[in-house]
Structures are given as C-alpha cells and as structure tokens.
Amino acid sequence: MPVIYLSYAEEHIDRLALLFDEECTIEYNPAMANKIALPVLESLLNNIRPLSR
C-alpha cells in the first residue's frame, strides 16, 4: 500500500487517513514530503522549456 507524506493539513491527517484507509497510508511528515517532492520539482524546473512567444 502506498504511503503519502504531507507537509500541510496536519489538523486533517486523521480524517484523511480514515477516508483512504484501504487505498493508502497518509502521514504528516514535512521532512519526508520535502525529500520526495523537492527533487521532482527541481527536475521539472531544469527540464522545462520557456514557452515560445
């Protein structure tokens, strides 16, 4: 089962975890969320081409 790490909405984690308990695990962990998301964002920014004008 996938784990989804969030760096926001800490006050809603318990409700989200209950709503998606059969699909995934949802955890509030800003450090892990950033560790996963920031390299993806960096790759996107490094590979995006400026729009033609």
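The values are calculated or read from the model by the stated rules, or taken from the named source; none is laboratory data. Please read all numbers here as calculations on a predicted model, not as lab measurements. When we count neighbours, we look across all protein chains shown, and the Cβ atoms used for this are built from the backbone with ideal geometry, even at glycine. Ligands, DNA and RNA are stripped out before the accessible areas are found, and what is left, the full protein with its side chains, is counted by its heavy atoms. Shrake-Rupley method; radii C 1.70, N 1.55, O 1.52, S 1.80 Å.
Take the range 1-25 and flag every residue that is open to solvent by less than 100 Å² (accessible area, probe 1.4 Å) and part of a helix (DSSP H, G or I). Reasoning before the result, please.
Narrowing the range 1-25 to residues open to solvent by less than 100 Å² (accessible area, probe 1.4 Å): 2-7, 9, 12-13, 16-17, 20-21, 24-25.
If the condition is that a residue be open to solvent by less than 100 Å² (accessible area, probe 1.4 Å) and part of a helix (DSSP H, G or I), then HIS12, ILE13, LEU16, ALA17 are the ones that fit.
Does TYR28 qualify as being in contact with a helix residue (DSSP H, G or I) (Cβ under 6 Å, 6 or more places away or on another chain) and open to solvent by 80 Å² or more (accessible area, probe 1.4 Å)?
On the way: in contact with a helix residue (DSSP H, G or I) (Cβ under 6 Å, 6 or more places away or on another chain): yes; open to solvent by 80 Å² or more (accessible area, probe 1.4 Å): yes.
In short, yes.
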